[in-house]
Every structure is written in structure tokens, then in C-alpha cells.
1. Give the residues of the stretch 311-350 that are assigned to a loop (DSSP other than H, G, I, E, B) and either in the same structural domain as Ser151 (by TED's automatic domain parsing) or under 24 Å from the mean Cα position of the chain (by Cα) (or both), sorted by residue number.
2. With respect to Ala26, determine if the residue is surrounded by 13 or more Cβ atoms within 10 Å (Cβ to Cβ), in contact with a strand residue (DSSP E or B) (Cβ under 8 Å, 6 or more places away or on another chain) and at pLDDT 95 or above.
3. Taking Ala324 as the residue in question, decide whether it is touching a Ser or Thr at 6+ places or on another chain (Cβ under 8 Å) and at pLDDT 95 or above.
4. So which residues in the stretch 80-128 are surrounded by fewer than 16 Cβ atoms within 10 Å (Cβ to Cβ), at pLDDT below 95 and among the hydroxyl-bearing types (Ser, Thr, Tyr)?
5. Based on what the data block shows, is Ile358 under 23 Å from Asn302 (Cα atoms), hydrophobic (A, V, I, L, M, F, W, C) and part of a helix (DSSP H, G or I)?
6. Being under 26 Å from Ala306 (Cα atoms) and without any contact (Cβ under 8 Å) to a residue 60 or more places away in the chain is the filter here; which residues of the stretch 140-161 pass it?
7. Tell me, yes or no, whether the stretch 273-283 has at least one residue that is farther than 21 Å from Thr109 by Cα and either of a type in the set (Gly, Ala, Ser) or in the same structural domain as Gln336 (by TED's automatic domain parsing) (or both).
8. Do you know which of the residues in the stretch 123-159 that are more than 21 Å from Ile7 (Cβ to Cβ) and polar (S, T, N, Q) is nearest to the chain's Cα centre (by Cα)?
Amino acid sequence: MYMRFAIVTASIGHGHNSVAYALQEALLNENPNNCVEVFDILDDSKLYQLVTNVYLGVITKTPYIYSKIFQWSQHHQGTNSIVNLLNFLCLKILKNIKSSYRPDAFIFTHPIPAVCYKNTFKIPAWTIITDYTYHHIWYNPKITGYFVANSEVERQLLKNSYPIERLFQTGLPIKKSFTANYMMSNSQSLLDSKPMILIMGGGFGIGPLKDIVDELEKIQLPFEAVVITGKNESLYQDIVKSIESKTEDRWRVISYTDEIPTLMKKATLLISKAGAITLTEAQISGLPTIIYKPIPGHEEENARFACEQGWAKWVKKLEDLVPATNELLSSTKELQHMKEKCSLFSKPYAASCISKTITDYTQIPLRKTL
């Protein structure tokens, strides 16, 4: 027996798509005969450019405005004209998927398609909240079940009177290639003669990566660094040019790459903003993390959560970055402590847990009773 699953995402940030493809991988591992397709509601290139330009423009040029919008929208739903337009377009997309692909279930990894789902589709629909924190934009009481990262997100859904039996605290799903890192992370040596720092800014290369590179050049300890600029070509060129005047054998610059699992396995320390999926990948890889300049709103909450668990540190000023990095690179004991916290709190098998729950439920003929 096989089933057809439609995973619906949106290319706003790297994390939503990462979760979508991790679930596709897990559902096919569950049953290779399954048909699993990922649908991007921003597949239209003009719409993608419009939405990403607005999103990136706000978070990079006026982050305080993004923070205000995030806080305000926690308590005011459905009044934003851009969101309403996307909802209208998304509902049309879901109807097209339902009629042409004929899925047995929807799976949502972005809030916009999740809130558009209606009972009239007459198939189960599942949502994976892709942050360590909750935002009201994710909420739709018609959703069959929610998969969440932690008890805080679960608690917020319960406050909205969502049934506890339809909540699953699985952790965030990531690709199988990171699970191998989890198996190896505790055995990795911390005594390499030259530690490796991995510097990331997400799929879009967001954040002051060039400032970070300039600052870390001041470190006297030996190290090597890999800078991932994502799909930001101008940032890639800027950093390549900037390292020409630096200790060149320290620095390696890479644009968008599929080699993140390998790089995280080799790295001693990650410096990044606070996208929840990047943090989860680091945690499962046993990679201590310094968080710098998270996006206001959801990423600041992600940073708070990671720091409370003890496997990340949040540096809030550029001038504090070198002391914090020096401290960790000089202390095998502290790095080991942070690696142990990674292992203690990580949930490396979230994707397989989610796929099994969805598959088992979709196979039950009386599923409408849930």
C-alpha cells in the first residue's frame, strides 16, 4: 500500500524548505512506494522576488520595524493586506494541488498555507511549527495535528484550546545526513591543533558576516574559518575581496552548498544568527554555537531557548565577539560541556517520528474520529 502526501512550504527563509525536504526523505524511508511531492507557494518567480525583496529589505534595513510587526501581529490576525493577498493566492494553490495531485494528506511547513486549510478539503492536514517559539499566525483549529519543538510551543497551542491529543512534541525534523553527526559528535576530538570556526547567515546570507570576519581576524590563537554566504552573491564577492588583506590561509568562503552536514561535523564552533533549523542542525551535530545578530522577533526567542539549554551563547555586541570566541577556543572543558548539552537536549529522530505518526494516522479508515 502506498500513500500520496503533499508537503506545502514557502521559500521565505531557508528553514521551511529544509523541513519540507527532511519530511519528504523520511516519508519515503517509511515506505519507498509513497508518492511525496513538495509544493512551494512562491514557485512563481515574480511573486518570489516580490515577497523575498520585501522580507529581506525589512529585516536587513529596518529590523526594529520587523520586531514591531512581529509583536503586533501576535495579537492582530488577518488585518495585514500582504498576508491577506498571500492567503487568497495560497487557497487557490491548495485547491489546485487537491484536484490535480489528489493527496491523502497535506503537510504544512509554513504558516501561510497552514492557516488557509479548510475542512472542505476532506483530507488530514498536519503542521510543523519550524521555530522554538510560537506565533499566532500558525494557528488553525482545523489542522489535524501539530508537531512542535518544545513544551513552550505546546503550551501556547493549549492556551488556544487546541486538543492535547493532537499535539506532538517531537522536536524539529532535519535531514538524515545530520543524524550521522549525532552518532559521532560525542567521540569527536576537541584537541585539534587548529580549531575550525563555521560562520553562517542562513540560506540568504543574512547578517553582518563581513563584520564578523573583520573582527575575528583580530584573534591571536591559530584557527581556520569557513564562511557560508548562501545565495547572497554580492556578499560572497565582498568577503572574498576582504580576505585578500587578511591572514589568507585562515579563510575559506563558500556560497550556497549541500555540504553543511560535513562542515558541521568538522567544525569546533559555529557563529550564526538564530534560525531554528540551523540551530537544530548544529545541536544534533554536537556543535557549540555563538549566536550573533539574530533577526528580531522569532530568532531572538530561538536564541533565548538555545542559550537556556546551555549549548549556545548569545553575543549582543560586535566588540564582545572576539573575547567570547577566544574564551571557547581556549577552553576544552567549556566546549565539551556545551557538546554534552547538545547531546542531552537534541531530538535527532524527529523526522522519522513525524513521518510514522502521519503515516499511521492516514492509514486508519476511521481517522475522522480524531
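The values are calculated or read from the model by the stated rules, or taken from the named source; none is laboratory data. Since the structure is predicted, the reported quantities are computational estimates derived from the model, not experimental observations. Counting neighbours? That spans all protein chains shown, and the Cβs are built from the backbone with ideal geometry, glycine included.
1. Trp311, Lys316, Lys317, Ser346, Lys347, Pro348, Tyr349
2. In short, no.
3. Judged against the criteria, Ala324 is not a match.
4. Within the stretch 80-128, Ser81, Thr120 qualify.
5. When the stated conditions are applied, Ile358 does not pass them.
6. We begin by selecting, within the stretch 140-161, every residue under 26 Å from Ala306 (Cα atoms); these are 145-160.
Residues satisfying the conditions are Tyr146, Val148, Ser151, Val153, Glu154, Arg155, Gln156, Leu157, Leu158, Lys159, Asn160.
7. No; the residues of the stretch 273-283 include none that is farther than 21 Å from Thr109 by Cα and either of a type in the set (Gly, Ala, Ser) or in the same structural domain as Gln336 (by TED's automatic domain parsing) (or both).
8. Filtering first and then ranking leaves Thr133.
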